[in-house]
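*Asks:* Got a structure here, written out as structure tokens. Questions coming.
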């Protein structure tokens, strides 16, 4: 969009409330009650349970998925209003996502009175709160613990390098697949 709003509302610029100003701080962890809900997720499945509630109340869920044109090469934030659309957001994607136009879309849904769930890294959640003109009772956020993510260019270059090495195109990319014992590997299928 190149409107400069991200620079004006950046969570790391002066004037942004720091964590020290929010007392007390609580963190939560959860595991989905359903074994299927747990196994199809990359962590405990809390996102699925929370997003199921939002969708059951005719709300909108915003999360990270793959770009429709660039596929696994680009991670973008999208809107989901069905379980099928939401399922794309279930698995971890350890790549910096493109927020595209989701903040204006979130604001619009909130102004319409819809419940909204936004899942993103701490800086993305902070940026959303900074972008919005006021607090909304119908906004729910999931602040994913972030330990640094590679840039989109680094991810794209890595995936292209692996495709070249393996003489094929990536068909499946999953981070932290529970079927692999240590749970931290990137599973890729190439054709």
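A short reminder: the numbers here are calculations on the coordinates, not readings from a lab. Keep in mind it's a predicted model, so treat the numbers as computed, not measured. Cβ: placed from backbone, ideal geometry, glycine included. Neighbour counts: every protein chain shown.
*Asks:* For region 63-102, place one equal point scatterer on every Cα, skip the solvent, and apply the Debye formula. What is log10 of I(q)/I(0) at q = 0.14, 0.20, 0.21 Å⁻¹?
*Replies:* The calculated log intensity ratios at q = 0.14, 0.20, 0.21 Å⁻¹ are -0.26, -0.53, -0.59.
*Asks:* Tell me, in nm to one decimal, what length is gained between residue 172 and residue 154 on full extension, where the rule is 0.36 nm per residue of separation less the Cα-Cα distance?
*Replies:* Computed gain between residue 172 and residue 154 is 4.6 nm.
*Asks:* Based on the mean of other beta carbon atoms within 10 Å per residue, what is the order of 136-148, 83-95, most packed first? Walk me through the numbers on the way to the answer.
*Replies:* Working: 136-148: 13.6, 83-95: 17.0.
In descending order of packing, they fall as 83-95, 136-148.
*Asks:* Still on this structure, I have one more. Packing-wise, with mean Cβ within 10 Å as the measure, how do 111-117, 59-65 rank, highest first?
*Replies:* 59-65, 111-117
*Asks:* Given axes a ≥ b ≥ c from the Cα gyration tensor, I'd like to know whether region 42-81 is rounded (a/c under 1.5), prolate (a/b larger than b/c) or oblate. Before the final figure, lay out each step's value.
*Replies:* Numbers: a/c = 4.13, a/b = 1.65, b/c = 2.51.
Taking the square roots of the gyration eigenvalues as a ≥ b ≥ c, region 42-81 is oblate.
*Asks:* Now, a different point. Give the whole-number value, in cubic angstrom per residue, of the convex hull volume spanned by the C-alpha atoms of region 27-129. Don't skip to the end; give the middle numbers.
*Replies:* Details: hull volume 11.5 nm³, N = 103.
Considering the Cα atoms of region 27-129, their hull volume per residue is 111 Å³.
*Asks:* Classify region 82-142 as rounded, prolate or oblate from the Cα gyration tensor: take a ≥ b ≥ c as the square roots of its eigenvalues, call it rounded if a/c is under 1.5, otherwise prolate when a/b beats b/c and oblate if not.
*Replies:* Since a/c reaches 1.5 but b/c is at least a/b, the shape of region 82-142 is classed as oblate.
*Asks:* Which order results if 48, 125 are arranged by neighbouring Cβ count within 10 Å, fewest first? Walk me through the intermediate numbers first.
*Replies:* Details: 48 21, 125 17.
Result, fewest neighbours first: 125, 48.
*Asks:* Suppose each label sits 7 Å from its Cα in the direction of the beta carbon; what would the residue 145-residue 129 distance come out to in nanometres?
*Replies:* Roughly 1.9 nm, to one decimal.
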